[in-house]
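Structure first, commentary second.
Only the coordinates and a few stated rules stand behind these numbers; no lab work does. These numbers were taken from a predicted model, which means no experiment stands behind them. Because the Cβ atoms are built from the backbone with ideal geometry, glycine has one as well, and the counts that use them run over all protein chains shown.
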Amino acid sequence: METQTRSNFKKLFFALLTLAVIALIVMYFDGKRILEENGRLDMIRQEAKYENIIPETLNSMIQLKNKYDFVMINVDDAVGKIINPTDLFIGYDKVGERQKDLPSNKNIRIAVYSSTGMMGQIAAQKLILLGYKNVFNLSGGTKAWEEKGFPLK
């Protein structure tokens, strides 16, 4: 009886050991795949990063809008205060879904803003991942814009 128990224990031990080894191999290769994918995303981010800009810089861009074409997008999920001239209203979490509304030219300058700048950062990162090369986020959003004395609608 004792020999049979030891034999069953050994079988169970080797079965569990085999499963553990298989699990480790799967985790290794899946982890390697994830790291490779993240590495590729990091390469994309390094090639084209969005830039946080201050209200004065955005104001200068607006003043030169006829000379330097750019698109301005309000990405606030609840459109509140608006900077003139805003071209598009796309919620920060809808940027990927609304690609058809975005410019086809991936090199065009795109300025995004939200009420505090946080949603703008998320939208700017999404635009970079979609392949846009010249993306700007208004740091501090419309709150910072208003504090600097620039007009809102």
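Backbone amide hydrogens, once placed in the peptide plane, bring PHE136 within less than 5 Å of GLU51, ILE110, ALA111, VAL112, excluding anything fewer than 5 places away on its chain. Working from Cα pairs under 8 Å separated by at least six residues, relative contact order for region 51-147 is 33 percent. Shape annotation for region 51-147: C-alpha extents along the principal axes are 33, 31, 19 Å, from largest to smallest.
Using Cβ contacts closer than 10 Å as the measure, can you line up SER114, SER104, SER139, SER7 from fewest to most? Each step should come with its number before you reach the end.
Details: SER114 27, SER104 7, SER139 19, SER7 10.
Exposure proxy ranking, most exposed first: SER104, SER7, SER139, SER114.
Remark: spin-label model distance ALA20-ASN66 equals 7.5 nm, labels positioned 7 Å along the Cα→Cβ axis.
What FRET efficiency do you get for ILE82 and ASN107 if R0 is 25 Å and r is their Cβ-Cβ distance, rounded to the nearest 0.05? Calculated value: 0.45. When ILE83, ILE110, ILE54 are sorted by how many other C-beta atoms sit within 10 angstrom of their C-beta, beginning with the fewest, the order is ILE54, ILE83, ILE110.
Length available on full extension from THR57 to MET118: 0.36 nm per residue minus the Cα-Cα distance, which gives 20.2 nm.
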